[in-house]
Amino acid sequence: MSNKKTIVIADDEPFILSAVNDTLSDDYNVITATNGKSALTMIRKHKPDMVVLDVMMPEMDGVEVVRELKNDETLAYIPVILLTAKGQMMDIEKGFKSGVNAYMVKPFSPEKLMEKIEELFEVEKMKEKVTKARVAKK
């Protein structure tokens, strides 16, 4: 197994899944799912470093998956990006209330997605440093 971080991507549109996979697969281990339920199974099995979810998917939508993750102590730390066609303010607010770290509206730029992922990994790294510093002070 490589030292690459693992990202689970879930989208029911094969074209989007393929585009996101192509964008990320050079830098990350990518695991794909075509619906929310299988995404949740993959997340529980692989404990990825990040999750990218579509909102509108069969069996379980992206927001429901996020709620499941955030209610599970062993998975709640995983950063989540919602990548969706739902760009209304109401949808964005619903997404953030569910606990997502970022919300991107389709059509999306692969470069912007990559930037957002790298940004979230940087934030996670900073949080880790702060936590370690606090622990060291005790």
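Placing a label point 7 Å from the Cα of Arg134 along the Cα-to-Cβ direction, the residues of segment 40-77 whose backbone N falls under 16 Å from that point are 77.
Using every pair of distinct Cα positions in segment 6-83, the Kirkwood expression returns a hydrodynamic radius of 12.0 angstrom.
Phi-derived couplings, Karplus 6.51 cos²θ - 1.76 cosθ + 1.60 at θ = phi - 60°, listed residue by residue for segment 50-59: 7, 10, 10, 10, 7, 7, 8, 9, x, 6 Hz, with x used for Gly and Pro.
Each DSSP beta bridge with both residues in the chain is either parallel or antiparallel, and the antiparallel ones are about 0%. Value of Rg to Rh for segment 92-138, rounded to two decimals, is 1.15; Kirkwood radius and Rg both from alpha-carbon coordinates. If you run the Gaussian network model on the chain, springs between alpha carbon atoms under 10 Å, then out of Glu59, Glu73, Glu119 the most flexible one is Glu73. The spacing between segment 1-61 and segment 68-105, judged by their C-alpha centroids, is 14 Å. Amide H contacts of Met104 (H built 1.01 Å from N, in plane; Pro and chain starts excluded): Leu82, Leu83, Thr84 sit under 5 Å, all sequence-distant by 5 or more or on other chains. Taking Cα atoms only, the orientation of helix 36-46 departs from the longest principal axis of the chain by about 30 degrees.
Our helix-only sum for the chain, with -39,500 (n - 2.57) per DSSP H run of n ≥ 4 divided by its residues, gives a mean residue ellipticity at 222 nm of -16000 deg cm²/dmol. Among the chymotrypsin sites (Phe, Trp or Tyr not before Pro) within segment 1-104, those in coil by DSSP and having at most 16 neighbouring Cβ atoms inside 10 Å are Tyr77.
3J(HN,Hα) couplings calculated from phi for segment 102-119 with the Karplus curve 6.51 cos²θ - 1.76 cosθ + 1.60 (θ = phi - 60°) are, in sequence order, 8, 9, 10, 9, 7, x, 10, 9, x, 5, 5, 4, 4, 4, 5, 4, 5, 4 Hz; Gly and Pro show x. All Cα-Cα separations within segment 42-101 were binned at 10 Å from zero, giving a P(r) of 23, 58, 17, 1, each value a whole percent of the pairs. In units of the compact-protein estimate 2.2 N^0.38 Å, the chain shows a Cα radius of gyration of 1.03.
Which pairs in the list Lys47/Lys106; Lys5/Lys132; Lys97/Lys137; Lys97/Lys138; Lys4/Lys70; Lys45/Lys125 are over 29 Å apart, alpha-carbon to alpha-carbon? The pairs that break the limit, which is 29 Å between Cα atoms, are Lys97/Lys137; Lys97/Lys138.
For segment 87-95, 3J(HN,Hα) computed residue by residue from phi via the Karplus equation (6.51, -1.76, 1.60; θ = phi - 60°) reads x, 6, 3, 4, 5, 5, 4, 4, x Hz, glycine and proline entered as x. Connecting C-alpha atoms closer than 10 Å in a GNM of the chain, tell me which of Leu53, Leu17, Leu83 has the biggest fluctuation. Largest GNM mean-square fluctuation: Leu17.
No value in this document is a laboratory result; all are computed from the given coordinates. Predicted model only: the values in this text are computed from it and were never measured. All Cβ positions, glycine included, derive from the backbone under ideal geometry; neighbour counts span all protein chains shown.
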